[in-house]
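Colleague: Handing you this structure, nothing more for now.
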There are 2 protein chains.
Amino acid sequence: MKVIQSINLLQNNIFYYIFTTMDESTAKAKELFRDFLNRKDLKKTKERDIILEAVFDTHDHFDAEELLILFRQKKIPVSRATIYRTLDLLVECRLVKKISFGEAHFRYEHIFGHEHHDHLICNQCGQIIEFYNKDLEELQKKICRQYDFKEQDHSLRIFGLCKSCQ
Amino acid sequence: MKVIQSINLLQNNIFYYIFTTMDESTAKAKELFRDFLNRKDLKKTKERDIILEAVFDTHDHFDAEELLILFRQKKIPVSRATIYRTLDLLVECRLVKKISFGEAHFRYEHIFGHEHHDHLICNQCGQIIEFYNKDLEELQKKICRQYDFKEQDHSLRIFGLCKSCQ
DNA sequence: GTCGGTGCAAACTATTTGCAATCGA
DNA sequence: TCGATTGCAAATAGTTTGCACCGAC
């Protein structure tokens, strides 16, 4: 199911009409984000809306700069500072995950509508392969019990060479 | 077995004599580092020696700034730039591992004389618990085979609450 | 109207780099 | 000797922050 949706931006007396199709999980994420903002007495702004949509449109591990470039290309006026501030909020309400792939900066991925997964990272071409393994999850739970540790999140990254780079 | 060892530093016409005890694994690491430097036609300098020792003295996950502070306290003249440059070399020759615990900077740990291990990280007090699980290693190998992926390294971090913070 | 939000530029943190002086082989 | 290494300070990359203005409720 797709939902047709429009955003109106008024800037320098020019209206920007942006029509996008929004899938169900984006719609659900929006709802959750709205609830989160309400709970925290924060305001719903068009910038936060735009960023959430861009994040859920990207089925990839993006960084803050990439979002900024995307917005500039599309002539959508959202500043770098707002991107960082909004990503923090999205991480706080657990719609987005902040991850480090061993680079000098952070990447993000949306997690709503996605199963938890881990990553295989190719040291040669940089390709990132997502995988999920049930046994692995079980084993980690077992390890946490051993150490009396209450797990909240985890991240397994396997670095090496992908099939085509070997 | 401990080895008594001395380093002489000549700086501003003052000799600094630093006597340290060096355990076997540090001695072995030094040897490996020396070989690495030889292979690469790089020079053995007192700074590189000092940094290697400090790294192997620390049984913890330190960062570059902590090393610098340590050297300043002990009045050992080694610059920040040299610390970063030498850590890169130690990572390259696989005596040291560069890890990210989700902070804005990197940490390092020496790996020689240590079994591979993974980390439980307490979100409350910041404590880092190291663990090793054989089944986990096996399972990861199996996953790599599934994806035709040649593993070179991996890192599993489980974030949550340690026993005393729950 | 009242705060909270935004954009901008400046600040800040971690890290890297250019360069002249110094040092190791 | 001669190129590699060092320390310094400046540059860079990523991110955060102060502040004046703007906008959601």
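Readers should treat all values here as calculations from the given coordinates under stated rules, not as data from a laboratory. What you see is a predicted model; the values in this text were computed from it and never measured. A quick note on method: Cβ atoms are made from the backbone with ideal geometry, for glycine too, and the neighbour counts reach across all protein chains shown.
Colleague: Of the residues in the stretch B:85-110, how many are surrounded by fewer than 18 Cβ atoms within 10 Å (Cβ to Cβ) and away from chain A (no Cβ under 14 Å)?
Modeller: 2
Colleague: Follow-up. Limited to the stretch B:86-106, what total is found for residues that are in contact with a helix residue (DSSP H, G or I) (Cβ under 9 Å, 6 or more places away or on another chain) and either among the aromatic types (Phe, Trp, Tyr) or closer than 25 Å to A:Arg107 by Cα (or both)?
Modeller: 7
Colleague: Does any residue of the stretch A:116-133 turn out to be surrounded by 17 or more Cβ atoms within 10 Å (Cβ to Cβ), more than 9 Å from every other protein chain (Cβ to nearest Cβ) and under 18 Å from B:Phe159 (Cα atoms)?
Modeller: Yes: the stretch A:116-133 contains one or more residues that are surrounded by 17 or more Cβ atoms within 10 Å (Cβ to Cβ), more than 9 Å from every other protein chain (Cβ to nearest Cβ) and under 18 Å from B:Phe159 (Cα atoms).
Colleague: For a quick check of your reading of the model, give me the residue pairs whose first member lies in the stretch B:127-145 and is without any contact (Cβ under 8 Å) to a residue 60 or more places away in the chain, whose second is part of a helix (DSSP H, G or I), with beta-carbon atoms closer than 7 Å and at least 6 apart or on different chains.
Modeller: Final answer for the pair search is B:Phe131/A:Ile143; B:Asn133/A:Ile143; B:Asp135/A:Leu139; B:Leu136/A:Leu139; B:Leu139/A:Asp135; B:Leu139/A:Leu136; B:Leu139/A:Leu139.
Colleague: I've got another one for you. If the requirement is being in contact with a Leu (Cβ under 6 Å, 6 or more places away or on another chain) and either more than 28 Å from B:Gln146 (Cβ to Cβ) or within 11 Å of DNA strand D (Cβ to nearest atom) (or both), which of these qualifies: A:Arg80, A:Arg48, A:Arg39, A:Arg107? Steps first, answer last, please.
Modeller: Working: A:Arg48 fails: in contact with a Leu (Cβ under 6 Å, 6 or more places away or on another chain); A:Arg39 fails: in contact with a Leu (Cβ under 6 Å, 6 or more places away or on another chain); A:Arg107 fails: in contact with a Leu (Cβ under 6 Å, 6 or more places away or on another chain).
Only one candidate qualifies: A:Arg80.
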